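Read through the structure below, which is laid out as C-alpha cells, and then see the notes.
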Amino acid sequence: ATLSPQDKYTGFSLPHGLLNQPKDHQIEGIGWLQEAWSVGYSGVLLADDMGLGKTFQTLGFLSWLVEKRKSLGLPDRPIMFVAPTTLLGNWEAEAKIHLDESVRGKVCFLYGAKNIKPFRKTGMTGSDVTSGIPTLDVKQLGNTQWILTTYQTMRDYHLSLAQLPLACVVFDEMQNIKNLTSLTTNAAQSLNKEFSIGLTGTPVENSLADLWTLYDTLMPGMLQP
C-alpha cells in the first residue's frame, strides 16, 4: 500500500490551506517546522540550498500554523516577513500561488513612506530612531494578518514593532542580521514573537560568530559561550 505523507514523515500534517502538493523533501521540511513549533522551540534556521523550496516550505508551515492556532483557541496575531525590498513582492506572489485566500488574509506592506504613513500615530512624522519614541499605531498593525517589511524599516521602527505581539516572524536572507552589535540585529531580537524562522541559502559563507548571532536571534540562550 502507498504510504500517506503523514505516515512517511513523523510530525507532518498536510495544511488544508496549501493549494499545491509538496515534494517529498519539502514534506519532510514542513513536518520538521511543525514539530519544532509543537515541542516549543522558539525558532529554527532553514538553510537549504537555493532552489529547494525554502519559500514553499515556509508557506506550507504558515498555512498549518494559522489552522493550528485557531484550533487551540489562541488569539489572532499577525505574521511578519522581514526581507530585502526586492524579495517582498516575491513573497506576496508565491503566497497567491500556493495558499488559499483565507490563510493569506489582510496583507500590510510596511516599508516606504507611502505605505508607512497610514500606520503612523497622529502627529508623528519621523521614525522611532529619529523621534526616540514609538511612532506607529500598534493596535492598527495588530488588525492585519501579514506584515511585509524590510530590515531597514524594522530597524527604524523597532520601538513600535517590539510592542506588537506576533504569531511568527520570517527572516528571509537572514545573513542580513549576522552582526551581533548592529542596530538591525538588536531590532530583530527585540520583536515580540512566538516563533521565528530564519532562511538563508548561504550558511557556509558565514563565520561561526555569524551563525551564533543567527541562532541567538532565533533561539535566545541556546548557544551560551
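The values are calculated or read from the model by the stated rules, or taken from the named source; none is laboratory data. As the structure is a prediction and not an experimental result, all values here were calculated from the model. Backbone-built Cβ (ideal geometry, glycine too); neighbour counts: all protein chains shown. For the accessible areas, the whole protein counts, side chains as well, though only heavy atoms, and no ligand, DNA or RNA atoms are used. Shrake-Rupley method; radii C 1.70, N 1.55, O 1.52, S 1.80 Å.
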For the range 177-188, the count of residues that are open to solvent by 10 Å² or more (accessible area, probe 1.4 Å) and either modelled with pLDDT of 95 or more or under 15 Å from Val129 (Cα atoms) (or both) equals 4
For the range 124-141 the number of residues that are among the hydroxyl-bearing types (Ser, Thr, Tyr) and surrounded by fewer than 17 Cβ atoms within 10 Å (Cβ to Cβ) is 3
Do we have Gln224 as out of contact with any helix residue (DSSP H, G or I) (no Cβ under 6 Å at 6 or more places or on another chain) and open to solvent by 30 Å² or more (accessible area, probe 1.4 Å) here?
yes
Being in contact (Cβ under 8 Å) with a residue 12 or more places away in the chain, closer than 28 Å to Ala36 by Cβ, open to solvent by 70 Å² or more (accessible area, probe 1.4 Å) and among the basic types (Lys, Arg) narrows Lys121, Lys106, Lys70, Lys96 down to just Lys106
Checked Ala209, Ala187 against criteria (more than 16 Å from Gly43 (Cβ to Cβ) and outside any loop (DSSP other than H, G, I, E, B)); the one match is Ala209
Looking across the range 45-72 at residues that are in a loop (DSSP other than H, G, I, E, B) and in contact with a strand residue (DSSP E or B) (Cβ under 9 Å, 6 or more places away or on another chain), the single one that is modelled with the lowest pLDDT is Asp48
Checked the range 38-66 for anything farther than 16 Å from Glu173 by Cβ, open to solvent by 40 Å² or more (accessible area, probe 1.4 Å) and in contact (Cβ under 8 Å) with a residue 60 or more places away in the chain; matches are Tyr41, Ser42
Sole miss for Trp146 among (1) open to solvent by less than 40 Å² (accessible area, probe 1.4 Å); (2) touching a Leu at 6+ places or on another chain (Cβ under 7 Å); (3) within 26 Å of Gly17 (Cβ to Cβ) is condition (2)
Within the range 13-34, residues of a type in the set (A, V, I, L, M, F, W, C) and surrounded by 20 or more Cβ atoms within 10 Å (Cβ to Cβ) come out as Leu18, Ile30, Leu33
Only one of Asp210, Asp216 is within 23 Å of Phe61 (Cβ to Cβ), open to solvent by less than 50 Å² (accessible area, probe 1.4 Å) and among the charged types (D, E, K, R), namely Asp216
Checked pairs for the range 157-170, first open to solvent by 10 Å² or more (accessible area, probe 1.4 Å), second in a strand (DSSP E or B), C-beta under 6 Å and 6 or more apart or across chains, list as Tyr157/Leu136
